[in-house]
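Please read the structure below before turning to the comments.
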Amino acid sequence: MNVRGLLDILKAEDEFEGFIRAADEARARGVGDCVHLRGLIEFSNYCRKDCLYCGLRRSNAALPRYRMAPGEIVEAALEGARMGLGTVVLQSGEDAWYTAGIIEKIVGSIKEQSGLAVTLSVGDRIKRDYALWRRAGADRYLLKHETSDEALHWTMRPGCGLGDRLRNLEWLMDLGYEVGSGIIVGLPGQGIESIARDVSFMRDLGVHMASAGPFIPHAQTPLKGCEPGSVDLTLRVIAAMRLELPWANIPATSALGTLDPLAQLTALGCGANVLMPDITPGPYRKMYEIYPGKVGSLETPAQSFARCRKIVESAGLAVGTGQGGCARLPGRAGRSMANDWTDRKDA
Ligand code: SAM
Ligand code: SF4
């Protein structure tokens, strides 16, 4: 579909029900009727970056900071395996305290002691680090490009260019990770045309996972007072992603559930097939405040897991077993695009 066709889905009024039906059918054909649960462990809220939208940004002096010890991270992952999860996602701010070697050991230890798939989401690093973690057994990497509007990207992520993010995504693909990208919907100044381009960007890149979450303003950021992103538009983006990337794993994001308690269930009917229960241990959960009121932040890991299972059952779908990887083989599937952006630096 070209950008004009995608815009039709994002703007559709009367025909929207038809698009939703088509996306739901594409989900069933492309990835089946199982919803995969990925246990999210948010292991550090320190960050060296200053993204305008994010509560973890380094300039937010009001946020109490924490770091989980490596052994604690491994134990939280093994607890996830005991709960019946097939994948853990290790996520953090960009925190140099966790050297490449420390993360390598954490990944290796989880892989040695469990049958878990390990997804990393620790931001921008050098290619050597990504390679080391892949060799240690990391299976997947989440690195959202956030917005493919180059000027907006520079504004929202000071000092970070879209080309650098894209180069990292291509490195990750070349290293054989299953790679996830995604966007924030409703960033101030983001046009609907650029959202349509985001969807074709992820299709052309051939990502294995694609995500869309609405922007939620945080009081301790420069974007406080801005309007939140639209739940309805985010659901349309999910439907458009499913139609364009039928092979991909697509989450019903927590940001959706934060703005509307029913939206994650609705998202499962619009093409999404993944939920990410938060299994971060108790003392830390509230401090990973990307945005306020995050769904599940007051629950225990077991309660988050149970709530996600309930959403899947309410949708009339089954909880997936095993690792629930992408059927499309790892490696670079789409065309190379890093050269399309001028801030590209040499590897
Ligand atoms: N630091 C890593 C990175 O940026 O890739 C991973 C952690 S970061 C907190 C995970 C995601 O949170 C980002 O990719 C971004 O899309 C999302 N995020 C941050 N602030 C947000 C906000 N205010 N509203 C919605 N999503 C937000
Ligand atoms: Fe740091 Fe990620 Fe938040 Fe940006 S989005 S400030 S990189 S945690």
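The values are calculated or read from the model by the stated rules, or taken from the named source; none is laboratory data. The structure displayed is predicted, hence computed values, not measured ones. Note that we place each Cβ from the backbone using ideal geometry, even for glycine, and neighbour counts take in every protein chain shown. Each accessible area value is taken on the protein alone, full model and side chains, heavy atoms only, with ligands, DNA and RNA left out. Shrake-Rupley method; radii C 1.70, N 1.55, O 1.52, S 1.80 Å.
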* Alpha-carbon centroid distance for the pair the stretch 98-142 / the stretch 144-210, whole angstrom -> 22
* Structure fact -> Calc'd 3J(HN,Hα), the stretch 260-273, phi into Karplus 6.51 cos²θ - 1.76 cosθ + 1.60 (θ = phi - 60°), Hz, glycine/Pro = x, comes to 8, x, 9, 5, 5, 5, 4, 4, 5, x, 10, x, 6, 9
* Asked: Put a dot 7 Å past each Cα toward the Cβ at THR99 and GLN303; how far apart are the dots in nm?
  -> 3.9
* Long-range tail of P(r) for the stretch 146-203 (Cα pairs > 13 Å, %) -> 61
* Extension gain, GLU193 back to GLU75 (0.36 nm per residue minus Cα-Cα distance, nm) -> 38.1 nm
* Which value in nm describes the separation of the simple spin-label points at GLU15 and LYS224, placed 7 Å from the Cα toward the beta carbon? -> 4.4
* the stretch 1-100 - Rg (one decimal) and Dmax (whole number), Cα, Å -> 20.1, 53
* Asked: Carbon and sulfur: what percent of the chain's accessible surface (1.4 Å probe)?
  -> 53
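If one computes P(r) from the Cα atoms of the stretch 3-346, what percent of pairs lie at distances over 32 Å?
Values: 13042 of 58996 pairs.
So the portion of pairs separated by more than 32 Å is 22 percent.
How long is the gain from ILE126 to LYS286 if the chain were fully straight, where each residue apart is worth 0.36 nm and the alpha carbon distance is subtracted? Mind dumping the intermediate values first?
Numbers: separation 160, 0.36 × 160 = 57.60 nm, distance 3.00 nm.
Stretched out fully, the ILE126 to LYS286 stretch lengthens by 54.6 nm.
At a 10 angstrom cut-off on C-beta neighbours, averaged per residue, how do the peptides 223-230, 101-108 rank from highest to lowest?
Numbers: 223-230: 15.0, 101-108: 18.4.
Ranked by mean Cβ neighbours within 10 Å, highest first: 101-108, 223-230.
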* Structure fact -> Which of LYS111/LYS294; LYS11/LYS127; LYS105/LYS224; LYS105/LYS294; LYS127/LYS294; LYS49/LYS286 exceed 27 Å between C-alpha atoms? The answer is LYS111/LYS294; LYS11/LYS127; LYS105/LYS224; LYS105/LYS294; LYS127/LYS294
* Structure fact -> Regression test value, accessible area per residue of the chain, probe 1.4 Å, units Å², expected 39
